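Some notes on the structure that comes next.
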Amino acid sequence: MDTAQLIVWNYPVTVGCTWFFLQPPVTVGVLRIAPITQYVVLALLLPGIFFALSASIRYAGIVRTEVAQRLSLFIALVAAFWLFNETAQASKLVGVAVGVAAILCSIGWHKGKNQYGRNHRAWLFPVVVFFGYGVIDILFKQVAQHTGVPYTVSMLVVFSLAMLAAFSFLAYHLTAARRKFSVHAIFWGVVLGGFNFSNILFYMKAHRALPDNPSIVFTGMNVGVIALGALVGIYIFREKLSLINKIGIILAVLSVFIIAYL
C-alpha cells in the first residue's frame, strides 16, 4: 500500500471530526490573535513526522518506533525547564537520564536484519521520530498557552493547514513522482484519521475525567503504548529484539514512572 497517500487521506477526517465533535468557536477576532507561525510549522511537521513514523516502522520495527515516539516527551520536559521556566526537579532529571539510556538501548544497538538488509537505516528514522515528536510537543504547548485562542480552534486550524500541506504533497506525488492513485489508501486513510483524532479526543477526556490525577493519564498513555507496541511487534509481527533492546524497553517504562510519580 502507498502509505504516503494513506497519510494524506487521514487529514480530511481529523478536520471533520474536530469540527463536529469539538465545535471550536472560530471567529475572525480569534484568528487575528492566533499564533500563525506556530500553526504553519506544525502543519508542515505533522504530516512530515507521519512519513518518518511510517519509514521507522518499516525499517526499525514497531517496538523501537513506539519507544522513540513516547520518549520524545523528554525533549518537551527539558524545554519546560529552559523555555517555560519550570523548576528542574532532581527526580525529573533522573527520569530524563533513564529515558536517554532507554533510547540508546532500544535504538542504538540493533543487530538484526529486515527486508532491506542488515541494519539498513535501522537507527536513523527512530531518531527522526524522537526529535520530531519532541518539537511538536513543544509547539503544541506554546499554542495551548496562547491566551485568547481556545485550544480547539488551534487544533482545527492546524489540522486544516496540515491537510492543505498533505494534499500539496499528494499532487506532487501523483504528477512529478508519477505514482498511481490508490483507492485503497483512501479507505485506510479514513481509518487512520479516525484513530488519529480519537487519540487526541480521549486523551483530553481522560484529563477532564481525572483532573486531580494527571500522572495516571500520562502514565497510562505512555506506558500503555510502549507495552502494547512491544507485544504487537514481538508476538504478531515477529520482530527480533536483542537483550539490550529489551532492557531499553524496561528502562523506557521505568523512566515514565519516575517522571509521573517522583
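Computed from the coordinates by the stated procedures, all read-outs in this text should not be read as laboratory data. This one's a predicted model, so the numbers in the text were calculated from it and none came from an experiment. When we count neighbours, we look across all protein chains shown, and the Cβ atoms used for this are built from the backbone with ideal geometry, even at glycine.
Lysine pairs in the stretch 3-261 whose alpha-carbon atoms fall under 25 angstrom of each other, counting only those eight or more residues apart or on distinct chains, come to 7. Largest GNM mean-square fluctuation across Thr14, Thr65, Thr27, computed for the chain with C-alpha springs under 10 Å, falls on Thr27. Listed by number, the DSSP H helices of the chain that run 15 Å or longer by alpha-carbon position along their axis and have mean Kyte hydropathy of at least -1.0 are 3-17, 36-60, 90-103, 124-144, 151-174, 183-209, 214-235, 243-261. Where only DSSP H runs of four or more residues are counted, the chain gives -24500 deg cm²/dmol as its mean residue ellipticity at 222 nm, each run worth -39500 (n - 2.57).
What is the distance in Å between the Cα centroid of the stretch 193-262 and that of the stretch 4-63? Rounded to whole Å, the Cα centres lie 21 Å apart. Stretching Met204 away from Val232 to a fully extended chain increases their span by 7.5 nm, per 0.36 nm per residue minus the current alpha-carbon distance. Once Rh for the stretch 121-262 is found with the Kirkwood sum over Cα pairs, what is the Stokes-Einstein diffusion coefficient at 4 °C and 1.567 mPa s, in µm²/s? My calculation gives 70 µm²/s for D. Shape analysis of the stretch 1-76 based on the Cα gyration tensor places the equivalent ellipsoid semi-axes at 29, 17, 12 Å, largest first. When Thr147, Thr37 are arranged by Cβ crowding within 10 Å, least crowded first, meaning fewest neighbours, the order is Thr147, Thr37. Highest mean first, the peptides 127-136, 243-252 sorted by other C-beta atoms within 10 Å per residue fall in the order 127-136, 243-252. Estimated from the Cβ-Cβ distance and a Förster radius of 30 angstrom, the FRET efficiency linking Phe21 and Gln145 is about 0.80.
Select one label from (1) 129; (2) 139; (3) 119: the one whose number is volume of the Cα convex hull per residue in Å³ as derived from the coordinates shown. Label of the calculated value: (2).
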